[in-house]
1. Report yes if some residue within the range 197-213 is within 12 Å of the ligand (Cβ to nearest atom) and either farther than 28 Å from ARG117 by Cα or touching a Cys at 6+ places or on another chain (Cβ under 9 Å) (or both); otherwise report no.
2. With the requirement that a residue be under 13 Å from the mean Cα position of the chain (by Cα) and outside any strand (DSSP E or B), what does the range 218-237 give you?
3. Within the range 149-184, take every residue that is in a loop (DSSP other than H, G, I, E, B) and modelled with pLDDT of 95 or more and give me the one that is nearest to GLN107 (Cα to Cα).
4. Quick one: is ASP160 surrounded by 16 or more Cβ atoms within 10 Å (Cβ to Cβ), over 20 Å from HIS240 (Cβ atoms) and in contact (Cβ under 8 Å) with a residue 40 or more places away in the chain?
5. Go through the range 88-102 and report how many residues are in a strand (DSSP E or B) and more than 23 Å from the chain's Cα centre (by Cα).
6. Determine whether LEU136 is of a type in the set (A, V, I, L, M, F, W, C) and in contact with a Leu (Cβ under 9 Å, 6 or more places away or on another chain).
7. When you check ALA126 against the structure, is it within 14 Å of the chain's Cα centre (by Cα) and outside any strand (DSSP E or B), yes or no?
8. Among the residues of the range 182-214, write down those that are within 16 Å of HIS168 (Cα to Cα) and touching a strand residue (DSSP E or B) at 6+ places or on another chain (Cβ under 6 Å).
Amino acid sequence: MVELEIPLTPGLSAAADGDYDNRHRLAEALGNGLPAISSQARLIGGLLDQDGFSRQLDFSSLVESRNRLFSSATSNLVRQTCELKLPFEIDHEAALATYQVPDELVQFSEAIRMIARYEHSTYPQAQYRHGDQAALSIDQATVAPGETQRSRKLLEVHRDGTLGQWQHVYVVTDSHPTEFFEWPEPGVAGSGRGIEPDELGPALVPPEYEVAFTNSTNLHRSPVIEGGGHRTFLRLSYTHAN
Ligand SMILES: [Fe+2]
């Protein structure tokens, strides 16, 4: 386990959050009478080091040492995924966050540092529903031509998260970035799959190696990779209690 100490200095992308009102939470989607907030994704700023992020993972020791892996590596390393909780502590006085990261995932430290710095310096008052932990998803895969990495239904959009819970979601990929859409009607996790692809407006497509921030009302999808290819996907999400 590696302990990451992350100074909570603002300045990643001050302008990006000017119109984001976190207090409205699920807004109209939950019938609380507050105006809907934008579900659009935004970039938090800063490119990740490419070599570190894209390195081929070796999960084998993680599989053996912890029962926290959803699906383990296949024999030919076509796809490796893991879903785990990253515990963290925040020292507000020292403006410091401390995250515990398994040794096997240390190549993602830079991404975790950048996301944690943004989350905790932009929302210092946030309370987290499941205690102080973030949910980390890693997916590294070789995608066949004409398919997507994350979904079997091509072009279908969805919302992340759990019904009735407010999440902040951070996503970064090294190729064929996730496509995020603005949608005028707010919605919650589990809804949105019936929306026809041709009803969607233009997608916001982040640059490769750049972190996008959104919330659990956002519609998005994993893109079709026409020529196929290798892709690394990372998502870190926080379930807010307030
Ligand atoms: Fe998603």
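The values are calculated or read from the model by the stated rules, or taken from the named source; none is laboratory data. Just so you know, these numbers come straight off a predicted model, no measurement behind them. Glycine gets a Cβ as well: all are built from the backbone with ideal geometry, and neighbour counts include every protein chain shown.
1. Initial filter on the range 197-213 (within 12 Å of the ligand (Cβ to nearest atom)): 212.
Filter once more, so that each one left must be either farther than 28 Å from ARG117 by Cα or touching a Cys at 6+ places or on another chain (Cβ under 9 Å) (or both): none.
No, the conditions are met nowhere in the range 197-213.
2. ASN218, SER222
3. If we filter the range 149-184 for residues that are in a loop (DSSP other than H, G, I, E, B), which is where we start, we get 149-157, 159-165, 174-178, 182-184.
From the residues that got through so far, the ones that are modelled with pLDDT of 95 or more too are 174-178.
Details: ASP174: 13, SER175: 17, HIS176: 20, PRO177: 19, THR178: 21 Å.
Ranking the candidates gives ASP174 first.
4. On the way: surrounded by 16 or more Cβ atoms within 10 Å (Cβ to Cβ): yes; over 20 Å from HIS240 (Cβ atoms): no; in contact (Cβ under 8 Å) with a residue 40 or more places away in the chain: yes.
So ASP160 fails the test.
5. If we filter the range 88-102 for residues that are in a strand (DSSP E or B), which is where we start, we get 88-91, 96-101.
Now restrict to residues that are more than 23 Å from the chain's Cα centre (by Cα): 91.
Total meeting the criteria: 1.
6. Values: of a type in the set (A, V, I, L, M, F, W, C): yes; in contact with a Leu (Cβ under 9 Å, 6 or more places away or on another chain): yes.
Criteria met by LEU136.
7. Details: within 14 Å of the chain's Cα centre (by Cα): no; outside any strand (DSSP E or B): yes.
Here the answer is no, as ALA126 does not meet what is asked.
8. VAL211, ALA212, PHE213, THR214
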